[in-house]
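**Student:** Here it is: the structure, laid out below.
The values are calculated or read from the model by the stated rules, or taken from the named source; none is laboratory data. All figures in this text were calculated on a predicted structure; none of them were measured in a lab. Note: ideal-geometry Cβ built from the backbone for every residue, glycine included; neighbour counts use all protein chains shown. To get the accessible areas, we keep the full protein, side chains included, count just its heavy atoms, and leave off ligands, DNA and RNA. Shrake-Rupley method; radii C 1.70, N 1.55, O 1.52, S 1.80 Å.
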Amino acid sequence: MKLDILAFGIHPDDVELGCSGTLLRQIDLGKTVGLVDLTKGELGTRGSAELRKKESTASAQLMGARVRVQLGLPDGFSEIDHESLMRVIRIIRMYQPDILLANALSDRHPDHAKGAELVSRAAFLSGLIKIHTVDLNDQKQIPWRPKAIYHYIQDHQLEADFVVDISDYMDKKLELIQCFGSQFYDPESEEPETPLTGVDFFDLIRSKAKIYGRPASYAYAEAYNVTRCIGVRDIFDLD
């Protein structure tokens, strides 16, 4: 199955928090989307790996993603080594996406930057013909390098290289985040509090999208960083 976009997150809710408005917009435009959780999020203060799997499945269905995969790298202890790179290379070659979305280049949680580097390195290596991989049916995979990698901004208020208008998708984005009930505000929960569980957390998400959208005259936007120069063929395509 070839997909247009493959969105990676090192934890099961990273994609929803960071780039789900962008994905909803692209799905409405007819693009095909897949989601990849690098870990099961098993070290999270609240919930469990099993519960977060159910939550991530529900979110993917609500979003309209074609597939959601958990690679099972160790949460908190993932390394950018041969094994982890090969796992990501296989998934890139399996779905042959044109665009990758990946974790923030720098963030409060150190796993986020590590996930960003892992996906970026694997995307380059995936295009090398002398790296051999096979699919689930033991068939040889062909090399594949995506056209672009965009890193969604997460907790840190980084300066954006570009923003995507999600004004029509802000409410749906919050619905997707709320699929992860174990991780966010729940007055009935007896689990420890975290930076995500305050009653005002969803107001923060909405406010951040408003701040990133304002310079481009969007009501709400998601922000991205890139590691290469962005080109444009027609300057009238820029807002």
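**Student:** Can you say whether Lys140 is closer than 30 Å to Lys53 by Cβ and at pLDDT 95 or above, as far as the supplied structure shows?
**Tutor:** For Lys140, the condition - closer than 30 Å to Lys53 by Cβ and at pLDDT 95 or above - is not met.
**Student:** Given the criterion open to solvent by less than 70 Å² (accessible area, probe 1.4 Å) and of a type in the set (D, E, K, R), identify the matching residue among Asp161, Asp107, Asp168.
**Tutor:** Answer to the check: Asp107.
**Student:** Output the number of residues of the range 14-39 satisfying the condition of being open to solvent by less than 10 Å² (accessible area, probe 1.4 Å) and either free of Cβ contacts under 8 Å to residues at least 40 places away in the same chain or not hydrophobic (A, V, I, L, M, F, W, C) (or both).
**Tutor:** Total satisfying the criteria: 10.
**Student:** Return the only residue of Ile142, Ile149 being in contact (Cβ under 8 Å) with a residue 60 or more places away in the chain and either part of a loop (DSSP other than H, G, I, E, B) or open to solvent by less than 80 Å² (accessible area, probe 1.4 Å) (or both).
**Tutor:** Of the residues listed, the single one that is in contact (Cβ under 8 Å) with a residue 60 or more places away in the chain and either part of a loop (DSSP other than H, G, I, E, B) or open to solvent by less than 80 Å² (accessible area, probe 1.4 Å) (or both) is Ile149.
**Student:** Consider Thr194 against the criteria (1) within 20 Å of Cys19 (Cα to Cα); (2) among the β-branched types (Val, Ile, Thr); (3) open to solvent by less than 90 Å² (accessible area, probe 1.4 Å); (4) in a loop (DSSP other than H, G, I, E, B): it satisfies all of them except one. Which criterion is unmet?
**Tutor:** (1)
**Student:** May I pose another question? In the range 43-133, which helices (runs of 4 or more DSSP H) lie fully inside it and hold 3 or more residues that are modelled with pLDDT of 95 or more and more than 22 Å from Tyr150 (Cα to Cα)?
**Tutor:** Result: 49-63.
**Student:** Given the structure, is Val69 of a type in the set (Val, Ile, Thr) and open to solvent by 20 Å² or more (accessible area, probe 1.4 Å)?
**Tutor:** In short, yes.
**Student:** To continue, here is another question. Check Glu42 against each of (1) open to solvent by 30 Å² or more (accessible area, probe 1.4 Å); (2) over 26 Å from Gly181 (Cα atoms) and name the one condition it does not meet.
**Tutor:** (2)
**Student:** Would you point out which residue out of Phe180, Phe202 is open to solvent by less than 40 Å² (accessible area, probe 1.4 Å), assigned to a loop (DSSP other than H, G, I, E, B) and closer than 30 Å to Leu43 by Cα?
**Tutor:** It is Phe180.
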